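The values are calculated or read from the model by the stated rules, or taken from the named source; none is laboratory data. All figures in this text were calculated on a predicted structure; none of them were measured in a lab. Positions of Cβ are generated from backbone atoms using ideal geometry, with glycine treated the same way; all protein chains shown enter the neighbour counts.
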Amino acid sequence: MNPFLSIIIPAHNEQKRLPGTLEQIFRFLEQQTFTSEVIVVENASTDQTLEIARQYARQHANLQVLQSKKGKGAAVRHGMLQARGEYRFMCDADLSMPVEEIVKFIPPKLQDFDIAIASREAKGAVRYNEPSYRHWGGRGINFIIQALILPGLNDTQCGFKCFRAGVAEDIFNRQILSGWSFDIELLYIARRHGHRVIEIPIRWYHFEDSKVSALRDALRMIRDIFRIHANARRGLYDAS
């Protein structure tokens, strides 16, 4: 029987953060009544991430460790398409959103959705320890995203998203980008094919070792948005 929930964790050079994240996730899952699986997708790491993940897999029968080619988007795609859960939850390895928030993204708490994305901007969301430059940099990036490709979505880049199984298989099989902007592409594909996307307010904690760079990532994102529009004009997102 397929599990109710799959948690997919892309992991690139996460030897420091991954153990604490997995400990918290398994403590959370042990308290739930639903069935679950955890998938760590090691992504071209140069540290001990893979070895640490495999060590935890020896201790937890519901943990699967995969390897992916370079790129967070490639890692998430691989994990999502290997997952068996009725609901498939993408989870950043830093666990900047408390693991207990996951219940907001799945039944019975949440009903009637295709994709639920965590939002640091939706009404009721709370940010902790975030420097003002980081916040306003993120708002600038979102302004560009809304203007160029995804109007009405206030936080497309938060690394916590939940997909119904059928929807995940539909959009991840159409995904092309493997890098940082894959979130934008997935949500664009979802809207193009009529899937319902909703934002869920969360509690979110800023960590100083974040891998995000507002200027660098904004430039990448603008380039990738034009690639997405070009792909759409060529019909690449419409082929089955």
**Asked** Which residues, taken from region 102-130, are within 15 Å of the chain's Cα centre (by Cα) and more than 16 Å from residue 88 (Cβ to Cβ)?
**Response** 119, 120
**Request:** Among the numbered conditions (1) of a type in the set (Lys, Arg); (2) more than 19 Å from residue 12 (Cα to Cα); (3) at pLDDT below 95; (4) not in a helix (DSSP H, G or I), tell me where residue 70 comes up short.
**Result:** (2)
**Filter result for residue 180 (of a type outside the set (Gly, Ala, Ser) and under 19 Å from the mean Cα position of the chain (by Cα))** = yes
**Asked** Name the residues in region 18-47 that are buried (at least 19 other Cβ atoms within 10 Å of the Cβ) and of a type outside the set (A, V, I, L, M, F, W, C), would you?
**Response** 21, 36, 37, 42, 43, 45
**Message:** Could you check region 51-77 and list, in sequence order, the residues that are more than 25 Å from residue 4 (Cα to Cα) and either surrounded by fewer than 18 Cβ atoms within 10 Å (Cβ to Cβ) or in contact with a Leu (Cβ under 6 Å, 6 or more places away or on another chain) (or both)?
**Reply:** 51, 52, 69, 70
**Request:** Determine which single condition residue 143 fails, assuming it passes every other condition in (1) modelled with pLDDT of 95 or more; (2) under 28 Å from residue 227 (Cα atoms); (3) not acidic (Asp, Glu).
**Result:** (1)
**Prompt:** Is there a residue in region 181-189 that is part of a loop (DSSP other than H, G, I, E, B) and either in contact with a helix residue (DSSP H, G or I) (Cβ under 7 Å, 6 or more places away or on another chain) or surrounded by fewer than 13 Cβ atoms within 10 Å (Cβ to Cβ) (or both)?
**Reply:** yes
**Message:** Can you confirm whether residue 215 is in contact (Cβ under 8 Å) with a residue 12 or more places away in the chain, out of contact with any helix residue (DSSP H, G or I) (no Cβ under 7 Å at 6 or more places or on another chain) and not acidic (Asp, Glu)?
**Reply:** yes
**Asked** Would you pick out the residues in region 98-122 that are at pLDDT below 95, closer than 15 Å to residue 202 by Cβ and of a type in the set (Asp, Glu)?
**Response** 121
